[in-house]
Amino acid sequence: MVISRTHPQDLHHLSTETPDPDPLPQNLVQSRRVKLLATGKYLPKNQVTAEQLGQKLGIEAAWIQKKSGVMVRHFVEDETASQMGAIASKKALEAAGLSLSDIDCIVCTSSVPEQSIPCTAALVQKQLGGESSGIPSFDINSTCLSFVVGLDTLSYLVDAGRYSRVLLVASEITQGIDWKDQESSTLFGDGAAAAIIGKTDIQEGSKIICSRLETYSQGANLSQCLGAGNRYHPREYSDNIDRFLFKMQGRAIYRLAAKILPGFIERLLQPAGLTLADIDLVIPHQASLMAMGLIRKGLNIPEEKWMVIATNHGNTIAASIPMTLHEAIQQGKIHRGDRILLLGTSAGFSLGGMVLEY
């Protein structure tokens, strides 16, 4: 799910040794004339500092700062995932000057659903007051990469004219944290983000230039939650709470990412005739700051082109990339015409990237 829990002995330069999947032929590169119309964000009411979390876990705030870099995160009090997603969606609708009636598809891209059935998108629709709207609503899940995968998938449908305006929502509540695992538990936070996409007007340049997703299931067991699916039902395993907690092998995840990522970047950018030098801003999945710094340096990306908000948000899983995208827009870090790279990893083990001209 995340790149984290790195240790000095593991912090070698990023290897150029990569698997050798078939390269993407030039004629299969397809840009899509799709535009990000607006974004929105919501953070829960309960703000927790590193000092407060340290008191709960019996560790020093300085240790949390060194290991995760997260000094402030937010946790829900009485909010649900669909409520948070609806609030972020309303903010995006307001920013775009639209109403729910202007949306013809709602897609939830959270890694963890609010409940097993129905999909979270249906619950978001209800929270938005669209119970009788008939707007198609469904979920797409690729854990931390869910928003990128959702944006990639739905952009083709918007470009083809199947939908006019799609509301993409990512809302995460990290109730599966294993508080006994101090290194991973200090990374996370709750929150929601939303984005509205639509067809680019003929006179505008906004588009998705290229995208790519690769999965290496050799790393499927490196970050996982065994319970809450149909393999281990609470009725039979209620006495074993560990099956329902998130587990992560951080050092192994980092080593696998370091091995694959340089080649992945080349396979993403080369068919579009791009290099990292052509990118104006990289928006990475907000893993631990230590790991993100190592990845950035290994890829030779200047610090000013690397957007980080984890310090005061934490790792909000699938909401982290759209949250960071929202902050980059709000802070004036990106402007129309800029090339933005969305980049991350997820459980599975998957890598995903997308270059869009904002």
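The values are calculated or read from the model by the stated rules, or taken from the named source; none is laboratory data. The model shown is predicted, which means the values in this text are computed figures rather than measured ones. Reconstructed Cβ throughout: ideal geometry from the backbone, glycine too, with neighbour counts over all protein chains shown. To get the accessible areas, we keep the full protein, side chains included, count just its heavy atoms, and leave off ligands, DNA and RNA. Shrake-Rupley method; radii C 1.70, N 1.55, O 1.52, S 1.80 Å.
Over the chain, with every protein chain in place, what whole percent of the accessible area is carbon and sulfur at 1.4 Å, could you tell me?
Roughly 48 percent, rounded to a whole number.
The candidates ASP239, ASP181, arranged from most to least accessible area with a 1.4 Å probe in the full protein assembly, appear as ASP239, ASP181. Given a 1.4 Å probe and the protein chains as shown, THR143 ends up with an accessible area of around 30 Å². Computed over the Cα atoms of the chain, the ratio of the radius of gyration to the Kirkwood radius (Rg/Rh) comes to 0.95. Specify the residue with the greatest mean-square fluctuation among SER111, SER99, SER155, computed from a Gaussian network of the chain linking alpha-carbon atoms under 10 Å apart. Result: SER99 has the largest fluctuation of those listed. Of the trypsin sites (Lys or Arg not before Pro) found in the range 154-187, the ones in coil according to DSSP and having at most 12 other Cβ atoms within 10 Å of their Cβ are ARG162, LYS180. Each Cα pair under 8 Å and six or more residues apart adds its separation to the average, and for the range 34-199 the resulting relative contact order is 35 percent. Here the Karplus relation 6.51 cos²θ - 1.76 cosθ + 1.60, evaluated at θ = phi - 60°, turns the backbone of the range 31-46 into coupling constants of 7, 10, 7, 10, 10, 6, 7, 6, 9, x, 8, 9, 10, x, 6, 8 Hz, with x for every Gly and Pro. Just so you know, the Cα atoms of the range 34-199 work out to an Rg and Dmax of 17.2, 55 Å.
For the chain, averaging the sequence separation of C-alpha pairs within contact (under 8 Å, six or more residues apart) and dividing by the residue count gives a relative contact order of 29 percent.
Pairs of C-alpha atoms in the range 231-358 farther apart than 20 Å represent 49 percent of all such pairs. Per residue, the solvent-accessible area of the range 34-199 (1.4 Å probe, heavy atoms of protein chains only, all protein chains present) comes to 40 Å².
Among SER110, SER184, SER132, the residue with the largest mean-square fluctuation in a Gaussian network model of the chain, with springs joining Cα atoms closer than 10 Å, is SER132.
Residue ranking by accessible heavy-atom surface, 1.4 Å probe, largest first, among SER211, SER101 comes out as SER101, SER211. In order along the range 103-109, the phi-based Karplus estimate (6.51 cos²θ - 1.76 cosθ + 1.60, θ = phi - 60°) of 3J(HN,Hα) comes to 9, 10, 6, 10, 10, 8, 10 Hz; Gly and Pro are listed as x.
Summarising the amide proton neighbourhood of PHE188: residues at separation of 5 or more, or on other chains, whose placed amide H is nearer than 5 Å comprise ASN315. Between ALA319, ALA194, ALA38, the Gaussian network model of the chain with springs among Cα atoms under 10 angstrom shows the greatest mean-square fluctuation at ALA38.
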